[in-house]
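First up is the structure itself, then whatever we jot down about it.
The values are calculated or read from the model by the stated rules, or taken from the named source; none is laboratory data. Just so you know, these numbers come straight off a predicted model, no measurement behind them. Positions of Cβ are generated from backbone atoms using ideal geometry, with glycine treated the same way; all protein chains shown enter the neighbour counts.
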Amino acid sequence: MKDISANIILVIRSIIFHAGCSITLLLHCCSTLLIAPLLNIEQRQYVFTRYNIFVLWWSKVICGVHYEIEGQENIPDGPCIILSNHQSSWETFLLQTLFSPLSTVLKKELLKIPLFGWGMRFLEPIAIDRGHPIQAFKQLIAQGHERVLDKRSVLIFPEGTRVKKGQTVKFNRGGAALAHHSKLPIVPVAHNAGLCVPSNSLILTPGKITVKIGAPIRPDGKSKKELYDASTQWIELNRDELMA
């Protein structure tokens, strides 16, 4: 009976969480979409990520999802290429509050989502078609180079999709290639958000998410393969330790 009661409470809390997020998104977008055209990219990111701050706070208050960040001092002052493992939507909200100005690589379908997608367009993400990997790679390199020339960091989830606990997916090489071409450092990120916010469920589980930010991996004198191997090994090692 205790387990049943606990599960019912989790469901109720999760329903309240998602309802609160939906209502707040509606109110937030109705106001920010009107002023977004008048703002520069840094101002837009600040305004739109106030919703991210709310989601992180709301998940803690309603669902008991806390988090800690290790290695925040490793975030460079200038633009960089951020590579992170991907387990849920939670880390996308957090990382956009840590790096600014930022352009995120995402599936182009996300831009079609009412309100959320409309807001994302104003942040000028790199929206790729994962069904055409060769074209997506070329687009990532071309638009990624444009973003870094504009002094913006680029956030990439090299697994390409949200990965469940216990599953492994081969990392794509786009992030390492972009770092090599742009001569910018890679900042590797590992986390265990999937323990509290699973990719295959709307139920949030109370607990603490740990996010580790690694020391920048400089491209100087390194090949694309060396950058890929160094970043992938760091993320996989730290991810697996956090998930243990």
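Taking only segment 32-61 into account, find how many residues are out of contact with any strand residue (DSSP E or B) (no Cβ under 8 Å at 6 or more places or on another chain), surrounded by 11 or more Cβ atoms within 10 Å (Cβ to Cβ) and within 30 Å of Lys151 (Cα to Cα). So that I can check it myself, show each step before the final result.
Going residue by residue through segment 32-61, those that are out of contact with any strand residue (DSSP E or B) (no Cβ under 8 Å at 6 or more places or on another chain) are 32-44, 46-55, 57-58, 61.
Now restrict to residues that are surrounded by 11 or more Cβ atoms within 10 Å (Cβ to Cβ): 32-33, 35-36, 39, 41-44, 46-55, 58, 61.
Filter again for within 30 Å of Lys151 (Cα to Cα), leaving 32-33, 35-36, 39, 41-44, 46-55.
Residues in segment 32-61 being out of contact with any strand residue (DSSP E or B) (no Cβ under 8 Å at 6 or more places or on another chain), surrounded by 11 or more Cβ atoms within 10 Å (Cβ to Cβ) and within 30 Å of Lys151 (Cα to Cα): 19 in total.
What's the number of the only condition in (1) surrounded by fewer than 17 Cβ atoms within 10 Å (Cβ to Cβ); (2) over 23 Å from Ser103 (Cα atoms); (3) not acidic (Asp, Glu) that Leu149 fails to meet?
All conditions are met except number (2).
Would you check if there is a residue in segment 166-175 being outside any loop (DSSP other than H, G, I, E, B), more than 13 Å from the chain's Cα centre (by Cα) and either buried (at least 22 other Cβ atoms within 10 Å of the Cβ) or of a type in the set (Phe, Trp, Tyr) (or both)? Lay out the reasoning, then the answer.
Step one: of segment 166-175, the residues outside any loop (DSSP other than H, G, I, E, B) are 174-175.
Going one step further and asking which of them are more than 13 Å from the chain's Cα centre (by Cα), we end up with 174-175.
Subsequent filtering for residues that are either buried (at least 22 other Cβ atoms within 10 Å of the Cβ) or of a type in the set (Phe, Trp, Tyr) (or both) retains 174-175.
Yes: segment 166-175 contains one or more residues that are outside any loop (DSSP other than H, G, I, E, B), more than 13 Å from the chain's Cα centre (by Cα) and either buried (at least 22 other Cβ atoms within 10 Å of the Cβ) or of a type in the set (Phe, Trp, Tyr) (or both).
Condition check ((1) polar (S, T, N, Q); (2) modelled with pLDDT of 95 or more; (3) more than 26 Å from Met243 (Cβ to Cβ); (4) in a helix (DSSP H, G or I)) across all residues:
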position	(1), (2), (3), (4)
Tyr51	no, yes, yes, yes
Leu56	no, yes, no, yes
His66	no, yes, no, no
Leu94	no, yes, no, yes
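Could you please find all residues in segment 1-29 being within 16 Å of Phe93 (Cα to Cα) and of a type outside the set (A, V, I, L, M)?
Answer for segment 1-29, where residues must be within 16 Å of Phe93 (Cα to Cα) and of a type outside the set (A, V, I, L, M): Phe17, His18, Gly20, Cys21, Ser22, Thr24, His28, Cys29.
So for segment 96-106 (the condition being in contact with a Leu (Cβ under 7 Å, 6 or more places away or on another chain) and assigned to a helix (DSSP H, G or I)), does at least one residue qualify?
yes
Give the residues of segment 14-59 that are more than 19 Å from the chain's Cα centre (by Cα) and β-branched (Val, Ile, Thr), sorted by residue number.
Within segment 14-59, Ile15, Ile16, Ile23, Thr24, Thr32, Ile35 meet the criteria.
Does segment 71-92 hold any residues that are touching a Gly at 6+ places or on another chain (Cβ under 7 Å) and either within 20 Å of Ala179 (Cα to Cα) or without any contact (Cβ under 8 Å) to a residue 12 or more places away in the chain (or both), and which are they?
Asn74, Ile81, Leu83
Answer with yes or no whether Ala142 is modelled with pLDDT of 95 or more and buried (at least 21 other Cβ atoms within 10 Å of the Cβ).
Here the answer is no, as Ala142 does not meet what is asked.
Does segment 215-231 contain any residue that is within 18 Å of the chain's Cα centre (by Cα), closer than 29 Å to Glu109 by Cα and crowded, with 19+ Cβ neighbours inside 10 Å?
There is at least one residue in segment 215-231 that is within 18 Å of the chain's Cα centre (by Cα), closer than 29 Å to Glu109 by Cα and crowded, with 19+ Cβ neighbours inside 10 Å.
Residues in segment 71-98 that are over 15 Å from the mean Cα position of the chain (by Cα) and buried (at least 20 other Cβ atoms within 10 Å of the Cβ): how many?
The total comes to 1.
From the list Lys225, Lys208, Lys212, which residue is outside any loop (DSSP other than H, G, I, E, B) and farther than 20 Å from Glu241 by Cα? Reasoning before the result, please.
Details: Lys208 fails: farther than 20 Å from Glu241 by Cα; Lys212 fails: farther than 20 Å from Glu241 by Cα.
Among Lys225, Lys208, Lys212, only Lys225 is outside any loop (DSSP other than H, G, I, E, B) and farther than 20 Å from Glu241 by Cα.
Of the residues in segment 176-195, how many are under 17 Å from the mean Cα position of the chain (by Cα) and assigned to a loop (DSSP other than H, G, I, E, B)?
1
For segment 62-70, indicate whether the set of residues that are without any contact (Cβ under 8 Å) to a residue 60 or more places away in the chain, surrounded by fewer than 19 Cβ atoms within 10 Å (Cβ to Cβ) and out of contact with any Pro (no Cβ under 7 Å at 6 or more places or on another chain) is non-empty.
Within segment 62-70 (the criterion being without any contact (Cβ under 8 Å) to a residue 60 or more places away in the chain, surrounded by fewer than 19 Cβ atoms within 10 Å (Cβ to Cβ) and out of contact with any Pro (no Cβ under 7 Å at 6 or more places or on another chain)), the answer is no, since none of the residues qualifies.
Output the residue which, of all residues in segment 133-163 that are closer than 17 Å to Ser182 by Cβ and part of a loop (DSSP other than H, G, I, E, B), is nearest to the chain's Cα centre (by Cα). Lay out the reasoning, then the answer.
Filtering segment 133-163 for residues closer than 17 Å to Ser182 by Cβ gives 137-156, 158.
Filter again for part of a loop (DSSP other than H, G, I, E, B), leaving 150-152, 158.
Working: Asp150: 20, Lys151: 19, Arg152: 15, Pro158: 11 Å.
Going through the qualifying residues, I end up with Pro158.
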